[in-house]
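Inspection log for the structure reproduced underneath, given as structure tokens.
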Amino acid sequence: MSGSRQRQAFSLLELLVVVSLTAVLLTITTAWIHQTLSFSSAVRKRQTQHLNCQRLNWQFRDDVRQCQSMQLENNQLQLTQKDGSMIQYTASPALLRVEKRLGDRLIRQEEFAFEPGAIVHWDTSEMPTWISLEVLRGLNTRVTQAQSSSTATTELSKDRPVVLHVRVRANRWAAATRIESQPTLTKQESL
């Protein structure tokens with residue numbers, strides 16, 4: 001009768017194995033969840049950066065296309081609009097500030113922040129008619145104000161990936177309006 005007795009409890013060794021396996025599974029799961037959350041955060045940050053660049057792209061294009069004149073001094077691009085308003089783009093490392101003023105009144109103010117170490121650069125080689133805005137991705141090294149000048153940026157651009165490059169023709173809408181307002185000749189009138 002002693003051989004047919006049923007077991008009613010777990011041994012200490014079996015309990016220890018189950019607890020250790022549970023601890024290992026919890027550790028692996030916690031590390032996996034942490035990695036997933038950090039990856040999700042990085043993707044969200046990159047998506048926000050992309051949308052920020054896209055918004056800057058459209059806004060910069062519209063402002064430059066509608067301007068009558070532009071002037072660049074000390075990393076500040078000043079655009080004069082038809083209505084007399086001034087739009088000023090101020091570039092600094094990892095930041096581009098936009099202010100639109102009509103006289104002394106501030107109409108619009110925005111800041112476009114980029115990842116740390118990014119360089120905002122103006123290409124003025126075609127300045128009277130064209131302007132280019134270039135944002136270079138930041139490296140892990142610290143960037144000083146001296147490195148963010150145009151000459152240093154041109155040298156560093158070979159090593160840095162480009163986040164945003166916008167080349168725009170100034171006063172494009174006025175040129176398009178002049179072309180559309182010219183009378184078109186029909187076939188009979190030209191004969």
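Bear in mind these aren't lab numbers, they're just calculated from the coordinates by the rules spelled out. As the structure is a prediction and not an experimental result, all values here were calculated from the model. For neighbour counting, all protein chains shown are included, and Cβ atoms are generated from backbone atoms with ideal geometry for every residue, glycine included.
Of note:
- Scan of region 22-73 for residues that are in a strand (DSSP E or B) and in contact with a Phe, Trp or Tyr (Cβ under 9 Å, 6 or more places away or on another chain), ordered by number: L72
- The single condition from (1) under 15 Å from the mean Cα position of the chain (by Cα); (2) polar (S, T, N, Q); (3) farther than 25 Å from E126 by Cβ that S40 fails is (1).
A quick yes/no check of all residues on (1) in contact with a helix residue (DSSP H, G or I) (Cβ under 8 Å, 6 or more places away or on another chain); (2) small (G, A, S):
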position	(1), (2)
L72	no, no
G84	no, yes
S92	yes, yes
V98	yes, no
R108	no, no
V120	yes, no
P128	no, no
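- Index of the failed condition, C67 passing every other in (1) under 20 Å from H165 (Cβ atoms); (2) free of Cβ contacts under 8 Å to residues at least 24 places away in the same chain: (2)
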